[in-house]
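As structure tokens, the structure follows; a few thoughts come after it.
Since every read-out is calculated from the coordinates, none of them should be taken as a lab result. From a predicted model like this one, the values you see are computed outputs, not experimental measurements. A quick note on method: Cβ atoms are made from the backbone with ideal geometry, for glycine too, and the neighbour counts reach across all protein chains shown.
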Amino acid sequence: MANIAVFRVTRKNNRKVRKISGIFVGILCLLFLITILWLFSKISVASYNSIKFRSTNFIQSTDSIILKGFIEDTLPAMKPSNKSSGKIGYSSTLDGLTQKVLPVDVFDCKSVLNYQFPILQAYNSESLTGKDLKSNGQDELNNRDSFGENPVESLDDEAEKQINTDQTEKIYKPSTIVKSGEIAIRNHTSYKLDIEKLRKESLKLGSSKKNTQAIILHTHTSEAYSPSAKNTYTPSDPYRTENPKYNVVKVGEELNTQLSKLGIKAAHDTTIHDYPTYTGSYKRSLQTAIKNMKQYPNAKIVLDIHRDAYGGQGEKLRTAVKIGNTEAAKLMFVVGTDQMGLEHDNWRENLKFVIKLQENANKLYPGLCKEIDLRTERFNQHVAPGAIIIEVGSTGNTLEEAAASMKYLAKVIAEVVK
């Protein structure tokens, strides 16, 4: 009888042990599963970022002909039929189905990609890899271009049309508009902005009037405008020419002249950075900026003059304002930040400078400036506390309209600097 009791107690204890052991094993399995999922998520994110980086580099650097073959082989639906011209308004038949051809030239694969991912080509990111290679601010070797439309893209002149400026809304998304009074900033970053606080802070631009105070250069030197009766040029690419009489160099020359009249000494560097190779323009213009900063150590202002562009195929944008009896191209101040990972301690100083420029422009010449554009890219603006990009007009403007704006821009700059 005693042996039976002992057996029952032992069996009962064994059940408890097995139960506790099961719970313990279950907890271990759960922890193991959580660990595996955590590691898998890390690997997935790293793989995604790696794929994104390599894919972006492939798209940016690969020849259009290779891209054409790649897309047509992997996405047969992108391949046009022999009956289709690949232009706007045509229909094509594929496997017995009639479908609308994409509103781009399908033979230009980069345009196809831009249609599918409608981000203005001018805003390709400057870098994906983070910190600089050297502490002096040189961008990394694989620094990719930003701010400027793809020069290999071909536009059909017959298909071009003027579009209203309110269509720019679809160009600059995703972004948010931050306003304070008459100051408006289109913010593409995650930084929160206090415009009033920045507006009240003093600038770090003090320098002797005897010294050169400003440097003017052009990262995308060959950017040009719509030909006119007075200025007709032979383009190397649509809206591009290496002839400095007809591209943004002429606009920079006019700005230099107008600043000189107002007592502001400037150095205009006409070095070509986007020809014969467009890729690496910002890397080359950084060297130009550093060289000029060494030559003119008192200069606190670096003005990178560009011409804006609309990213849609077969369309061009004209942004102009009438000041008195003069038709002038509108201006857009562009400020870069450190959000892409590149060192840039100056960006708030750059933004303060632009806010004061915009404030004066709104008072002196209402309508001259579009909203300030705050970007995640750096655009070489770490070289000085007054380094900015100025977009002068767009592809739909003429050189005369762009040059006319420089008289007003010079006045606005002089008011701030003095």
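Distances between placed amide hydrogens fall under 5 Å for Ile301 paired with Ile215, all partners being 5 or more residues away or on another chain.
Evaluated with a Cβ-only charge set (Lys, Arg +1; Asp, Glu -1), the stretch 190-243 carries a dipole of roughly 420 debye about its Cα centre, given to the nearest 20. Answer with one residue from His268, Gly280, Ile301: the one whose Cα lies farthest towards the positive end of the charge dipole of the stretch 240-302, charges on Cβ with Lys, Arg +1 and Asp, Glu -1. Toward the positive end, the furthest listed residue is Ile301. Residues whose amide H comes within less than 5 Å of that of Ala320, counting only those at least five positions distant or on another chain, are Lys330 (H built at 1.01 Å from N in the peptide plane). Going down the list Lys265/Lys316; Lys204/Lys291; Lys261/Lys418; Lys230/Lys250, which pairs span over 24 Å between their C-alpha atoms? The answer is Lys265/Lys316. Taken along the Cα-to-beta-carbon direction at a fixed 7 Å, the label points for Ala414 and Thr176 span 4.0 nm. Label separation (Val25 vs Thr234): 8.5 nm, computed from points 7 Å beyond Cα along the C-beta direction.
Computed from point charges on the beta carbon alone (+1 for Lys and Arg, -1 for Asp and Glu), the dipole magnitude for the stretch 250-407 about its Cα centre is near 360 Debye. Using a Förster distance of 41 angstrom, determine the FRET efficiency expected from the C-beta separation of Thr35 and Lys192, and round it to 0.05. So the FRET efficiency works out to roughly 0.65.
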